[in-house]
Amino acid sequence: MKIVVVGATGTIGKRVTEFLSEGHEVITVGKTSGQYQVDIADAKSIRALFEKIGKFDALVSATGDVAFVPFHELNADHWEVGIRNKFMGQVNLVQIGKEYIKDGGSFTLTSGILTSTFIAGGTSATSINRAVEGFAQAAAAEIGRGIRINVVSPDLLEDSKAAYGSFFPGHYGVASCRVAQAYMKSVLGIETGRVYKAVNNDY
């Protein structure tokens, strides 16, 4: 399979690329690194990316920015970060990408644990993550051509616990290899419209 990984140089993207490279051609994409570059907040940049890559079998999006800001400080600019990047960026990877993906291909998007647990400063992130999941589940029912769309919702990564653990009290941290397996299940499996939660705790 020819698999495009957007966000391939990030913590999750590196592991996903490593796992999928066994037996498949992986095209690595980053904002400033990788084989190709893209700004997912810019639809023109996304289309230019697909024009360069051509037809592909699967796409994994392991990227997307949101603003972590206390609720009483949230403003339109903060919301715009998540809407344009993590939400519409991933929407456009699918909506533009459907013109280039082969029949029977798959898209795997990324949300996050904040869809089901809440932290200080996480209102925007929770809202955007839920929007990503809603889009994927609804689009999976309509897209046709045998194309599948799933979402991976990872918990705080063990690799990121030192930097972000204080924002996620009570979260053990999940191994990046376990998170990568969730992406593998989406790409190589047969299900669609699913949200795969890669977590170590469920409360």
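The values are calculated or read from the model by the stated rules, or taken from the named source; none is laboratory data. What you are looking at is a predicted structure, and each value in this text was computed from that prediction instead of being measured. All Cβ positions, even for glycine, are placed from backbone atoms using ideal geometry, and neighbour counts span all protein chains on display. Please note that ligands, DNA and RNA were not included when accessible areas were found on the heavy atoms of the full protein model with its side chains. Shrake-Rupley method; radii C 1.70, N 1.55, O 1.52, S 1.80 Å.
Measuring with a 1.4 angstrom probe and ignoring ligands and nucleic acids, Thr123 comes out at about 60 Å² accessible. Only Lys, Arg, Asp and Glu carry charge here, each on its Cβ (+1 for the first two, -1 for the last two); on that basis the chain has a dipole of about 360 debye about its Cα centre. Here, segment 1-126 is characterised by an Rg to Rh ratio of 1.00, where Rg is the alpha-carbon radius of gyration and Rh the Kirkwood radius.
Farthest towards the positive end of the charge dipole of segment 80-203, among the residues Phe107, Tyr196, Gly134, is the Cα of Phe107, using unit charges on the Cβ of Lys, Arg, Asp and Glu. The modelled label-to-label distance between Ser160 and Arg130, using points 7 Å beyond Cα along the C-beta direction, is 2.0 nm. Estimated from helices alone, the mean residue ellipticity of the chain at 222 nm is -11000 deg cm²/dmol (sum of -39500 (n - 2.57) over DSSP H runs with n ≥ 4, per residue). Backbone phi angles across segment 70-76, fed through the Karplus curve with coefficients 6.51, -1.76 and 1.60 (θ = phi - 60°), yield HN-Hα couplings of x, 3, 6, 9, 4, 9, 4 Hz in residue order; Gly and Pro are listed as x. All Cα-Cα separations within segment 35-194 were binned at 10 Å from zero, giving a P(r) of 11, 37, 36, 15, 1, each value a whole percent of the pairs.
Put Lys161, Lys86 in order of accessible area, highest first, and with a 1.4 Å probe you get Lys161, Lys86. Between 0 and 90 degrees, the angle of helix 123-142 with respect to the longest Cα principal axis of the chain falls at about 30 degrees. The lysines within cross-link reach of Lys55, meaning a Cα-to-Cα straight distance under 23 Å and a gap of 8 or more places when in the same chain, are Lys2, Lys14, Lys31, Lys44, Lys98, Lys102, Lys185.
Radius of gyration (Cα atoms) of segment 103-198, expressed as a multiple of 2.2 N^0.38 Å: 1.14.
Amide H to amide H, with H built 1.01 Å from N, Val26 comes under 5 Å of Ile3, counting only residues 5 or more places away or on other chains. Per-residue Karplus couplings for segment 175-183, computed as 6.51 cos²θ - 1.76 cosθ + 1.60 with θ equal to phi - 60°, are listed in order as 5, 4, 5, 5, 4, 4, 5, 5, 5 Hz, Gly and Pro entered as x. Residues whose amide H comes within less than 5 Å of that of Val60, counting only those at least five positions distant or on another chain, are Val4, Val5, Val6, Thr108 (H built at 1.01 Å from N in the peptide plane).
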